[in-house]
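Step one of this worksheet: look at the structure below.
Every number here is computed from the coordinates shown, using simple stated rules; none is lab data. All values reported here derive from a predicted model rather than from experimental measurement. Note: ideal-geometry Cβ built from the backbone for every residue, glycine included; neighbour counts use all protein chains shown.
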Amino acid sequence: MDNRETLLHELQLIEEWEQDQKDLWFWEKLGRLPFMLLDKVTPKFLQEKAGQAVDELVSYVETGGKYMADEQAVFKRIAAVTHHPVASLDEVRALPITLMKQSALDLRKSRQNFATAQGAVAGLGGVFTLAIDIPFLLGMSLKTIQDVGMCYGYDPLEKSERVFIIKCLQFTSSDIVGKKAILEELSSMHLPERNRQMFSQLQGWREVLLMQTENFGWKKLFQLVPVAGILFGAYLNRKTIDEVAETALMLYGKRRIMERLER
């Protein structure tokens, strides 16, 4: 198990990351603009398909479910780091924080590569793959947060984790004021009484997910540029998943560290 010095060192790294979070970069600010242009160039049947995909994600977040989570795949990845088989989240919770972190870092790299390839393929198809790629990226973001959470021993089937997932998504697209508010809100989530209070925040999931879709859409309009769309798609998908994975890694890591320090 971790000694106090190791936990404090890892906590310091996370707090330095929190301090480094800056205002939105240029494309995120563009994402705040109306989403009318993409609506105009996207065929109606593709808009409907994208909307259905978002509805499925909203349903997952509101009611739970496990269709996006693959425990065994995550356990296999963790076992590759620990060199010992892992069969349950209870076993994951007993691991040193450094092994949890390494497992999450490996997962982050794998998802980056997958998102890069997917984005390049989507860039080939122009508008016909763009409307499908947006909900795909949203789903991949949720799955990445879930799986990083499992690397730290958290169960995505628990209602509190669905709250945490949406907070991670909100964090990646918030300005500096929003990020500070979310960090403050999550700073006490490891406390049972605070955890219960946050259940009430499950309302409004649809609005947040649709906002995320809108932000993705504006950035991904650059994929419509011939040839260059492949590069834009690969870069934007990779960057999006990297930011989501980094946020989940830091915030889940901080929760686990705080829980151990307060034992």
Task: ³J(HN,Hα), Karplus 6.51/-1.76/1.60, whole Hz, each residue of segment 97-113, x for Gly, Pro - done: 4, 5, 6, 4, 4, 5, 4, 5, 5, 5, 5, 4, 5, 4, 5, 4, 5
TODO: Among Arg255, Arg162, rank each residue by its count of other Cβ atoms within 10 Å, from fewest to most, as a rough exposure measure.
DONE: Arg255, Arg162
- [ ] Starting with the fewest neighbours, write out His9, His84 ranked by other beta-carbon atoms found within 10 Å of each beta-carbon.
- [x] His84, His9
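Give me the extension gain from Glu16 to Leu261: residue separation times 0.36 nm, minus the current Cα-Cα distance, reported in nm with one decimal.
Numbers: separation 245, 0.36 × 245 = 88.20 nm, distance 1.82 nm.
Contour length minus Cα-Cα distance gives 86.4 nm.
Give me Ile134, Ile14 sorted ascending by neighbouring Cβ count inside 10 Å, so fewest comes first.
Numbers: Ile134 24, Ile14 17.
Fewest to most other Cβ atoms nearby, the residues stand as Ile14, Ile134.
Beyond a 25 Å Cα-Cα separation, which of these cross-linked pairs lie in this structure: Lys76/Lys179; Lys101/Lys143; Lys159/Lys239; Lys76/Lys180; Lys109/Lys180; Lys109/Lys159? Kindly include the intermediate steps, with their values, before the conclusion.
On the way: Lys76/Lys179 33 Å; Lys101/Lys143 17 Å; Lys159/Lys239 28 Å; Lys76/Lys180 35 Å; Lys109/Lys180 27 Å; Lys109/Lys159 27 Å.
The answer is Lys76/Lys179; Lys159/Lys239; Lys76/Lys180; Lys109/Lys180; Lys109/Lys159.
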